[in-house]
1. Restricting to the range 96-112, and then to whatever is touching a Leu at 6+ places or on another chain (Cβ under 8 Å) and aliphatic (A, V, I, L, M), can you tell me which residue is surrounded by the most Cβ atoms within 10 Å (Cβ to Cβ)?
2. Among the numbered criteria (1) in contact (Cβ under 8 Å) with a residue 60 or more places away in the chain; (2) within 13 Å of Glu132 (Cα to Cα), which one does Ala208 miss?
3. Looking at the range 145-158, which of the residues that are in contact (Cβ under 8 Å) with a residue 60 or more places away in the chain and crowded, with 20+ Cβ neighbours inside 10 Å is nearest to Thr128 (Cα to Cα)?
4. Kindly evaluate Ile178 against the criterion of being aliphatic (A, V, I, L, M) and in a loop (DSSP other than H, G, I, E, B).
5. Only one of (1) under 21 Å from Gln229 (Cβ atoms); (2) surrounded by fewer than 23 Cβ atoms within 10 Å (Cβ to Cβ) is not met by Gly129, so which one is it?
6. Being of a type outside the set (Val, Ile, Thr) and in contact with a Pro (Cβ under 6 Å, 6 or more places away or on another chain) is true for just one of Asn177, Asn157, Asn246. Which residue is that?
7. Which count do you get for residues in the range 219-247 that are assigned to a helix (DSSP H, G or I) and farther than 18 Å from Met154 by Cβ?
Amino acid sequence: MTRLLLLLCPFLLLLASADAQAQERPNRRRPPRNHLRRPGPPPPGFGPPCRLGSCSLTDLVDDVQEAADTEPTTETTVADNDASTTTATSDATALSDFPNDDSFANVKAMLEFAAEHYDIPLQLLMATGWTESQWSQWNSAGTVLIGGHDYGLMQINKDTWSGTYDWDELSSDVRVNIHAGATILKWSYDYAASKGYTGDDLAKAAYAVYNGGPDAVHRPWDTSSAWRQNDLNFAGYYSGKPWENNS
């Protein structure tokens with residue numbers, strides 16, 4: 001018996017050592033890949049140059065709030081999900097003139113309107129919406145599409161923007177969601193342009209800011225970034241224009 005215990009001791013010590021090492025290893029989780037998630041809200045005090053000077057997250061939200069206030073709310077002309085209501089045409093003066101549905105044709109028309117209304121390159125806005133949700137406001141169960149803390153077609157982050165938008169409207173109304181996304185994307189586009197980006201690189205940088213905050217403006221070229229996959233997804237959709245195959 002004593003000899004058996006002596007023979008087993010090295011084996012038991014090896015198991016104990018392996019168990020101790022396993023407990024000491026940190027529980028590392030990789031960020032999701034090839035899926036629609038945001039790295040989280042930008043941290044307070046990141047200091048992007050709003051208007052003419054540097055500013056905090058509060059100033060960024062204030063900038064977007066000013067733009068948000070210029071768009072009428074949805075308490076206007078369209079009866080929600082009314083089958084008799086057709087997609088608004090060039091006569092539309094606000095997103096609220098469109099039906100509240102995420103059918104392909106209606107979303108395409110709203111994005112075209114929003115790109116012109118907010119002075120955003122159409123391809124950038126369409127690719128951003130496609131990357132975030134493939135132009136879907138609701139899931140197959142009929143509830144708002146949620147990815148982490150991001151809601152709806154443009155995947156608006158609740159942690160950052162709940163004080164700027166009515167969250168019930170943003171979740172239940174695709175027009176409000178597109179308005180919010182276009183407003184934030186416009187700010188992101190202008191910010192990326194202020195960093196000297198042009199052409200397709202400007203589009204990539206603008207999406208990175210939209211997805212990850214101002215600190216992510218150089219992320220598409222940062223091969224060490226764990227979140228760069230989001231930018232690669234966008235770049236593929238931006239160049240491939242998959243929505244053109246869905247008309």
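1. Met110
2. (1)
3. Gln155
4. Against the criterion (aliphatic (A, V, I, L, M) and in a loop (DSSP other than H, G, I, E, B)), Ile178 does not qualify.
5. The one condition Gly129 does not meet is (2).
6. Asn157
7. Residues flagged as assigned to a helix (DSSP H, G or I) and farther than 18 Å from Met154 by Cβ within the range 219-247 amount to 12.
Yes or no, residue by residue, for (1) without any contact (Cβ under 8 Å) to a residue 24 or more places away in the chain; (2) surrounded by fewer than 16 Cβ atoms within 10 Å (Cβ to Cβ); (3) under 20 Å from Pro214 (Cα atoms):
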| residue | (1), (2), (3) |
| --- | --- |
| Ala114 | no, no, no |
| Asn139 | yes, yes, no |
| Thr143 | yes, yes, no |
| Thr160 | no, no, yes |
| Ser172 | no, no, no |
| Ile178 | no, no, no |
| Lys186 | no, no, yes |
| Tyr191 | no, no, yes |
| Asp200 | no, yes, yes |
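Every number in this text was worked out from the coordinates using simple rules, so none of it is lab data. Values in this document were obtained by computation on a predicted structure and should not be read as measured data. Glycine also receives a Cβ, built like all others from the backbone with ideal geometry; neighbour counts cover every protein chain displayed.
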